[in-house]
Amino acid sequence: MSSLLIKGGTVVGPQGAIPADVLVIGEKVSAIFMPGDGPVEGDFEVLDATGKYVIPGGVDAHTHMELPFGGTFASDTFDTGTRAAAFGGTTTIIDFAVQRTGEVVQDGLAAWHAKAAGECHIDYAFHQILGGVDDESLKAMDQLVTDEGITSFKLFMAYPGVFYSDDGQILRAMQKARDNGAMIMMHAENGPAIDVLVKQSLERGETDPIHHGLTRPEALEAEATSRAIWLASVAADCPLYIVHLSASKALEQVAAARDLGRNVFAETCPQYLYLTLEDQLGAPGFEGAKWVCSTPLRSKHESHRADLWKGLRSNDLSVVSTDHCPFCFKDQKELGIGDFSKIPNGIGSVEHRVDLLYQGVVDGKLSLARWVETIATTPARMFGLYPRKGVVAPGSDADIVLYDPSARTRISVETHHMNMDHSAWEGVEIAGKVDTVISRGSVIVSGDTYHGRKGHGQFLRRGLSDYLL
Ligand SMILES: [Zn+2]
Ligand SMILES: [Zn+2]
């Protein structure tokens, strides 16, 4: 069995930063030693981690490889997307299997397994999107939890006619989740109201990308978030996880519920922490299409970004995921020229999340421990992957990143590995760099060199969330 000794680094986890050496045997972390106390000689390779942070591999709990959307498909396959994730220090993704309205849930899941099997460079798991809640799909929820290792279900309060569930359907799915221990993940935007605003906007001749944001106002995210929280309370405090939270007033709803001790959690994404309605979505001409995503980027003249960083510190926001859903500009984003409502929704960031959040450490907005917690440990615990993933500890999978705080990363379409013809982060510089990436004991990235392979990644059956009472 191959062995690795990671020597001289600083191991960072939720408990803080500790100088230590890490011994990996086979696919697992075997032992953690005081510096220099590890084995001196033997059949192992030594990785010098001097001056580097040794962190658990990133867990990105929200990606959409090959998602069908608006007449096209997200441009990363499981092959290209997981390879890009690996370059960026993410060693586990949780992607969303899709049940479209009218489709059998298990068929949607089987289709997702078929897309991913043998293609992934890192380990992967699935949430299940429910595009139609009825007697059959409610039964399927039990079967997925019991037999398939799928313990979280995404519902949509937006996209009528595509993924939308009405309040009665949402309540039924929440009651089922309360019974079987699953997590309900909610896309919380009031879709029917948004559709009215979109129609009115287009009738006024407003076709540019910025109107995507202006027709999805904060109030309709806050209202849906609040409604989801109330519905979950009717379902006997069913566990609820708000995805891609972008707005201050939505965060207030989550914070208030958490103050009452409710099973309510939320994630945000890097784009909401850094990018804005005016500077990106409002870029001249059709350029803003690169940043069309839902929920939308918010105004820089309001307090959203500062509040989201604060929410991450206070744990009202527990997780940072990417909502990676890349579309090329040419032929994909361009579907919406002359009509912003036809622009495929999504930004590609799976490669950059670990770096972008490390910049928050450099900027004094997050502690080192909180960085690791929000990108790795908490998502693993939230979605039933801990302690196999999300921590560097004896017995855990040896998914480890050596992070170099003295190097720099410059993001560009010229150098990224995602299958996109542009970058939403073009020219952004990070004061830190992913140096080495280890997935289940194998070094898959060192410096800019790739050693991984398609098919190395395994499907992970998940347990229930650690955070539930
Ligand atoms: Zn969503
Ligand atoms: Zn999503």
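The values are calculated or read from the model by the stated rules, or taken from the named source; none is laboratory data. As the structure is a prediction and not an experimental result, all values here were calculated from the model. Don't worry about glycine lacking a Cβ; one is built from the backbone with ideal geometry, like all the others, and counts go over all protein chains shown.
Numbers for the structure displayed
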read-out: Hits in segment 216-246 (condition: within 16 Å of ligand 1 (Cβ to nearest atom) and among the β-branched types (Val, Ile, Thr)); value: 225, 242, 243
read-out: Cβ pairs under 7 Å, 6+ apart, first in segment 81-94 and over 12 Å from residue 348 (Cα atoms), second polar (S, T, N, Q) and outside any loop (DSSP other than H, G, I, E, B); value: 86/439; 91/439; 93/63; 93/82
read-out: Subset tally (residues that are within 16 Å of ligand 1 (Cβ to nearest atom), within 24 Å of residue 376 (Cα to Cα) and not in a loop (DSSP other than H, G, I, E, B)) for segment 283-335; value: 3
read-out: Lone qualifier among 55, 94, 18 - being under 18 Å from residue 376 (Cα atoms), within 16 Å of ligand 1 (Cβ to nearest atom) and out of contact with any Lys or Arg (no Cβ under 7 Å at 6 or more places or on another chain); value: 94
read-out: Pair list, Cβ < 9 Å and 6+ apart or interchain, from segment 176-193 residues that are farther than 19 Å from residue 265 by Cβ to residues that are within 9 Å of ligand 1 (Cβ to nearest atom) and assigned to a strand (DSSP E or B); value: 191/156
read-out: Among the candidates 50, 10, 82, residue that is in a loop (DSSP other than H, G, I, E, B) and within 21 Å of residue 409 (Cα to Cα); value: 50
read-out: Restricting segment 33-74 to residues that are modelled with pLDDT of 95 or more and aromatic (Phe, Trp, Tyr), the residue that is farthest from the chain's Cα centre (by Cα); value: 33
read-out: Hits in segment 158-179 (condition: under 24 Å from the mean Cα position of the chain (by Cα) and closer than 20 Å to residue 136 by Cα); value: 162, 163, 164, 165, 170, 173, 174, 177, 178
read-out: Residues of segment 224-249 classified as within 16 Å of ligand 2 (Cβ to nearest atom) and not hydrophobic (A, V, I, L, M, F, W, C), total; value: 4
read-out: Segment 157-174, residues that are crowded, with 17+ Cβ neighbours inside 10 Å, in contact (Cβ under 8 Å) with a residue 60 or more places away in the chain and outside any loop (DSSP other than H, G, I, E, B); value: 170, 171, 174
read-out: Any pair with Cβ under 6 angstrom, 6 or more apart, that starts in segment 244-258 at a residue that is in contact (Cβ under 8 Å) with a residue 40 or more places away in the chain and under 23 Å from residue 277 (Cβ atoms) and ends at one that is part of a helix (DSSP H, G or I) and within 16 Å of ligand 2 (Cβ to nearest atom); value: 246/272; 247/221; 250/221; 250/225
read-out: Options 107, 95, 37, 43: the member that is within 18 Å of residue 163 (Cβ to Cβ), more than 16 Å from ligand 2 (Cβ to nearest atom) and of a type outside the set (A, V, I, L, M); value: 107
read-out: Listing of helices (runs of 4 or more DSSP H) fully contained in segment 178-281 that carry 2 or more residues being over 19 Å from residue 311 (Cβ atoms); value: 191-203, 210-214, 218-234
read-out: Yes/no for residue 360 being out of contact with any His (no Cβ under 6 Å at 6 or more places or on another chain), surrounded by fewer than 24 Cβ atoms within 10 Å (Cβ to Cβ) and outside any helix (DSSP H, G or I); value: no
